[in-house]
């Protein structure tokens, strides 16, 4: 059926015939089946090809398109780099706004911020920032994700240890509301200068962020200024040929340290101590899978190493703390921080191991795609931003509970999650990673784990899990994380999008999914 | 015998695509900026995701499942691609998947279903069948590049295989190559009257049965000479002998009874051994363009046959062609040793190089797209303030020269054989 012909013609007049299509062949490429959430129930059972795909270039074009959609009451789904299964049509006859042409990037070097369109990705911003002695925090989501979308969606990165969550670094923005009206936030509301996010003028960043972003359910942010940070001044030289490419560290200013400590408790303690000392650029635990991944040249080699008694025994006995030190201001800073780190590690029995002095996946690149390598399917069910103790305790509980779901989940030998300290020790961070074979016959069990068991454990342990916005029924978690945030979401959605046309049914797609399937018991 | 072009062998690879667009973006470690951040010509030209490997794989799966049927736009999606392999190297940085093999096999499916190739490709195939070259030029003119001043032996261990472009259109490349061999005192022969198209235009559009016949004839012609080394100055021929022939016959390259060498490999070795010296100065700021078939696709074919188990684990283990061991350094070493040459790299280089636009049947079926790709690459040449671009493939040279003239870009275009000869 498609969208009304009048609407199609109107949008074609806005963007030109080259940038709109209702060809089912072209639309098929936008089916979903990608990124975070691939091969989960929502992706497999709800995602549909859009009826029409549009590639706008400017804020004015986005506004005009959305006004057409609003006039004809057509559901639209905006997406910049499509790294989450939320950003695919879940209603028939939807318009998909592919924002890749909106890739303007400007950097204000003196005031240390960048202004990005939704089509700019992290590696592009990082390269331009580093040329100017600045940097941003490339997220675990990958270097290929949209800077703008990812900042609104928390922007979780190991580098946030020092710089905090990017969700707090949103500055001025241009926001096309679900009805096509344009709102300018922060200093953009007064002048064409996006240097500041708070007033004068409206500061609706809380509404924009929601729980962990709205995934296109609240219109389209077409321009955003984001904070950059001063970096050390030496160049990180790219070396190698794919797949072995890396940035060579200037070791007078940047160094890795891999310390083996005696226990998980010691690992947590050294993280706290490092935070207290306010040293380091990043501090994280090394999950054992990473070590086997690093040694293997193909999936089969990984499994030869990982499917072993040695690997099984490492879970309880191997505790590695990976620390990145950067002499931001001078070589002396690096030397000082190294001395402090050495003191801390000595106090806790840490033993320094070998590691390459280059970066493959933190500074400019981030290999999120590699997470699918081991088994063919992956999702993280947990991004706890809470105290480190809380995260560790939660991770141990998840590991225990996960045994009932293994298989179909890959046996990771009781791995209690990947955790790190955040915000100079004031916060902790836990991710709980799950891998499975998409050809497994028992995938419903995996969906129960993702959508039901994990959020129930979150509630039980009081873990503030960002992923609950798209991996749990809001009817369950919304009631538990009060005051009832589902009601607040509902009120915001009703206020901004009364016509209900902006990426319906997000963020209630999990609720809709669990209602549709018989294998999930609705006991909340 | 295993059919390496059967699309059903690649449904796993298509289904496991996760949409990270490693097939589109320059390796993030080398990401230069927004302007030159995309390495897939097809998706840079046509911005819809359908024109990237990630989209083509979903469309391919829908074709196999019956959700989509053949249509002009489906054939466009499948054929509007140079098969340059940028997607393949990008994908394999993180995953053990075969996007390029899947794209090639989709074309084979089109042919087997009676839907492909496109009319322009059929004309090229007819030319090859009737005249032995892609242009439809008289077969007897194929050896006209062999002028009297060249010393060509009666028998030798090395067969020079110039390919269609350097035989008919870019004769200066075959002549320069022969002169370099003469100066280095390397005896060589040609296939003479048996010299023929390598068959790459057939493989690349899905006509694998026709390509197999051509391959068989060429391999037999080589065998008749008694030589074991086939030397090319054409990246396309290089890849055809090293990858496509063994793949067509379900063998590993090591099992073929010959060795393939590109001129740049030979010359680089000769220079390193002191057998050849580049002495004459060429005062010029130049940049090197990696031909796709010499660079990221210039790794030998390793045959694999086995089963896939839980988690997609293969038994036996497979040796992936990830673009790591292509011929990248030899041409750079040669240019670096050319006196007076100021060599500068483009932002997209080696396995991330942006295709010249000529390959995969695109210059035949979509000449505007091919020319656009070449102009896009030349704008990158301009971005590093180079006055000349040097490649190692006659198809790159031709399309760059045409694009430079058409767009009045005033960029000098050379094949590396010309640079070597001028510096001897």
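Every number in this text was worked out from the coordinates using simple rules, so none of it is lab data. The shown structure was predicted, so the numbers you read here are calculated from the model rather than taken from an experiment. No Cβ is skipped: glycine too gets one built from the backbone with ideal geometry, and neighbour counts run over all protein chains shown.
Tell me the strands (runs of 3 or more DSSP E) entirely within region A:171-275 that contain at least 1 residues that are crowded, with 20+ Cβ neighbours inside 10 Å and away from chain B (no Cβ under 14 Å). Step through it out loud before you land on a result.
On the way: elements: A:182-185, A:220-227, A:237-239, A:246-248, A:254-261.
In region A:171-275, A:182-185, A:220-227, A:254-261 are the strands (runs of 3 or more DSSP E) which contain 1 or more residues that are crowded, with 20+ Cβ neighbours inside 10 Å and away from chain B (no Cβ under 14 Å).
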| message | Conditions first: (1) assigned to a helix (DSSP H, G or I); (2) crowded, with 24+ Cβ neighbours inside 10 Å. Residue A:143 passes all but one, so which condition is the exception? | response | (1)
| query | Of the residues B:422, B:385, which single one is more than 30 Å from residue B:270 (Cβ to Cβ), more than 20 Å from the chain's Cα centre (by Cα) and not in a strand (DSSP E or B)? | reply | B:385
| note | Those residues of region B:10-53 which are farther than 23 Å from residue B:291 by Cα, facing another protein chain (nearest Cβ under 7 Å) and under 26 Å from the mean Cα position of the chain (by Cα) amount to B:19, B:20, B:47, B:48, B:49, B:50
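From the list A:289, A:333, pick out the single residue that is closer than 19 Å to residue A:256 by Cβ, touching a strand residue (DSSP E or B) at 6+ places or on another chain (Cβ under 9 Å), free of Cβ contacts under 8 Å to residues at least 12 places away in the same chain and part of a helix (DSSP H, G or I). Steps first, please.
Working: A:289 fails: free of Cβ contacts under 8 Å to residues at least 12 places away in the same chain.
Selected residue: A:333, the only one of A:289, A:333 that is closer than 19 Å to residue A:256 by Cβ, touching a strand residue (DSSP E or B) at 6+ places or on another chain (Cβ under 9 Å), free of Cβ contacts under 8 Å to residues at least 12 places away in the same chain and part of a helix (DSSP H, G or I).
Can you tell me which of A:452, A:459 is in a helix (DSSP H, G or I), out of contact with any strand residue (DSSP E or B) (no Cβ under 9 Å at 6 or more places or on another chain) and free of Cβ contacts under 8 Å to residues at least 40 places away in the same chain?
Working: A:452 fails: free of Cβ contacts under 8 Å to residues at least 40 places away in the same chain.
Matching residue, one of A:452, A:459: A:459.
Which one is farthest from the other protein chains (Cβ to nearest Cβ), of the residues in region B:71-95 that are within 14 Å of residue B:323 (Cα to Cα) and in a helix (DSSP H, G or I)? Before you say what the answer is, go through the steps one by one.
From region B:71-95, those within 14 Å of residue B:323 (Cα to Cα) are B:83-95; that's our starting set.
Okay, now just the ones that are also in a helix (DSSP H, G or I), so B:86-91.
Numbers: B:86: 10, B:87: 12, B:88: 10, B:89: 5, B:90: 7, B:91: 8 Å.
Top of the filtered list is B:87.
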| query | In region A:342-371, which residue that is in a loop (DSSP other than H, G, I, E, B) and under 15 Å from residue B:28 (Cβ atoms) is nearest to the other protein chains (Cβ to nearest Cβ)? | reply | A:365
| said: Looking at (1) touching a residue at least 40 places away in the same chain (Cβ under 8 Å); (2) surrounded by 21 or more Cβ atoms within 10 Å (Cβ to Cβ), which one does residue B:337 not meet, given that it meets all the others? | reply: (2)
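Here's a check for you: in region B:303-313, which residue that is free of Cβ contacts under 8 Å to residues at least 40 places away in the same chain and either exposed (fewer than 14 other Cβ atoms within 10 Å of the Cβ) or within 11 Å of another protein chain (Cβ to nearest Cβ) (or both) is farthest from the chain's Cα centre (by Cα)?
Here is the first cut: in region B:303-313, the ones free of Cβ contacts under 8 Å to residues at least 40 places away in the same chain are B:304, B:306-307, B:309-311, B:313.
If we keep only those that are either exposed (fewer than 14 other Cβ atoms within 10 Å of the Cβ) or within 11 Å of another protein chain (Cβ to nearest Cβ) (or both) too, we end up with B:306-307, B:309-311, B:313.
Numbers: B:306: 28, B:307: 30, B:309: 33, B:310: 35, B:311: 33, B:313: 30 Å.
Ranking the candidates gives B:310 first.
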| message | Condition first: on the phi < 0 side of the Ramachandran plot, free of Cβ contacts under 8 Å to residues at least 60 places away in the same chain and touching a helix residue (DSSP H, G or I) at 6+ places or on another chain (Cβ under 6 Å). Now tell me which residues in region A:23-52 satisfy that. | response | A:23, A:25, A:26, A:28, A:29, A:31, A:49, A:50
| Failed condition for residue B:325, given (1) touching a helix residue (DSSP H, G or I) at 6+ places or on another chain (Cβ under 7 Å); (2) farther than 30 Å from residue A:411 by Cα; (3) within 14 Å of chain A (Cβ to nearest Cβ) | (1)
| field | Subset tally (residues that are free of Cβ contacts under 8 Å to residues at least 40 places away in the same chain and not in a loop (DSSP other than H, G, I, E, B)) for region B:20-37 | value | 2
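Per-residue answers, yes or no, for (1) part of a loop (DSSP other than H, G, I, E, B); (2) away from chain A (no Cβ under 13 Å); (3) free of Cβ contacts under 8 Å to residues at least 60 places away in the same chain:
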residue	(1), (2), (3)
B:276	yes, yes, no
B:287	no, yes, no
B:291	yes, yes, no
B:301	yes, yes, yes
B:317	yes, no, yes
B:330	no, yes, no
B:333	no, yes, no
B:348	yes, no, no
B:355	yes, yes, no
| request: Please work out which one of (1) within 12 Å of another protein chain (Cβ to nearest Cβ); (2) in contact with a strand residue (DSSP E or B) (Cβ under 9 Å, 6 or more places away or on another chain) is the condition residue A:3 fails and give its number. | output: (1)
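In this structure, does residue A:349 turn out to be surrounded by fewer than 20 Cβ atoms within 10 Å (Cβ to Cβ), touching a helix residue (DSSP H, G or I) at 6+ places or on another chain (Cβ under 8 Å) and more than 25 Å from residue B:96 (Cα to Cα)?
Answer is yes for this residue.
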